[in-house]
Amino acid sequence: MTNVFPVLNTRIATFLSVVFHPLIITTYLFAVLFLITPDLMGVSALELPGLGSLLLLIFLNTFVAPTIIIYYFYRLGIVSTLHVDSLRERRLPYLACAIIYAIATYLFGWQLQPIAELAPQIAILLGSVTVSMIAIALVSLSWKISAHATGMGGAIGIITGMIIRFDEQLLLMPLLVIVLISGFLLSARLYLNAHTPAQIIAGLACGLTISSATVYLFF
């Protein structure tokens, strides 16, 4: 019986790490912004099915595509686990993910003309995530920064920036929920010994800085 709670806590921490994987946070963020503030995202003219299709397209580009690449690396033995927790193994996957996000930014910003003209904000936010990915890839050359913390920091920075810049009060509740989830998630990463407090703080700072600057400079 003495091992029940540690095992349960480990499972919960692992569950949180998977459900709020850095690659899926982008889709969650766009879902919140599309549904709550469609005007700010330039998608207010779209009906719910259209929003769903657009969100699916974002999901395929920002989660499915990089996940397939990471799985391919795993099958080739380039990474030993799909979690890519080893510092030595993180560099190539993160670089590949940054390239995929850069391609997605280019597609939504220039190639998909109807979307680019209707909602350029999508490409702007994808560009912000791409810069964060590049920052993580560069830091990972010598240090293990937390990608989970960077992702959550990015989401907090974007939503906070929109609240401050556009006085969008409807985003207050989502912000509180994201902050709460971040607390549980980052505590889970510490519990799993996946990161040190310094790596968590650095990730949060990275995500907050890049996303806040994006909203301030380009929205």
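The values are calculated or read from the model by the stated rules, or taken from the named source; none is laboratory data. All figures in this text were calculated on a predicted structure; none of them were measured in a lab. FYI the Cβ positions are ideal-geometry reconstructions off the backbone, even for glycines, and counts take in every protein chain you see. Remember, those area values only see protein heavy atoms, side chains included, never the ligands or the DNA or RNA. Shrake-Rupley method; radii C 1.70, N 1.55, O 1.52, S 1.80 Å.
Residue 84 versus (1) open to solvent by 20 Å² or more (accessible area, probe 1.4 Å); (2) over 21 Å from residue 215 (Cβ atoms): which is the lone unmet condition?
Unmet for residue 84, out of (1) open to solvent by 20 Å² or more (accessible area, probe 1.4 Å); (2) over 21 Å from residue 215 (Cβ atoms): (1).
Which residues, taken from the stretch 159-186, are of a type in the set (S, T, N, Q), touching a residue at least 24 places away in the same chain (Cβ under 8 Å) and open to solvent by 40 Å² or more (accessible area, probe 1.4 Å)?
Result: 160, single match.
Within the stretch 188-204, how many residues are part of a helix (DSSP H, G or I) and either modelled with pLDDT under 95 or surrounded by 15 or more Cβ atoms within 10 Å (Cβ to Cβ) (or both)?
Final tally of qualifying residues: 10.
Here is a list: 90, 75. Which entry is open to solvent by less than 10 Å² (accessible area, probe 1.4 Å) and more than 30 Å from residue 38 (Cβ to Cβ)?
Exactly one residue qualifies, and that residue is 90.
Restrict the check to the stretch 137-147 and report whether at least one residue is closer than 30 Å to residue 50 by Cβ, open to solvent by 30 Å² or more (accessible area, probe 1.4 Å) and of a type in the set (Gly, Ala, Ser).
No, the stretch 137-147 contains no residue that is closer than 30 Å to residue 50 by Cβ, open to solvent by 30 Å² or more (accessible area, probe 1.4 Å) and of a type in the set (Gly, Ala, Ser).
Could you say whether any residue in the stretch 51-58 is out of contact with any Pro (no Cβ under 8 Å at 6 or more places or on another chain) and small (Gly, Ala, Ser)? If you could, list the steps in order and put the result at the bottom.
Pass one, the stretch 51-58, residues out of contact with any Pro (no Cβ under 8 Å at 6 or more places or on another chain): 52-58.
Right, trim to small (Gly, Ala, Ser) and you get 52-53.
Yes, there is a match, as at least one residue in the stretch 51-58 is out of contact with any Pro (no Cβ under 8 Å at 6 or more places or on another chain) and small (Gly, Ala, Ser).
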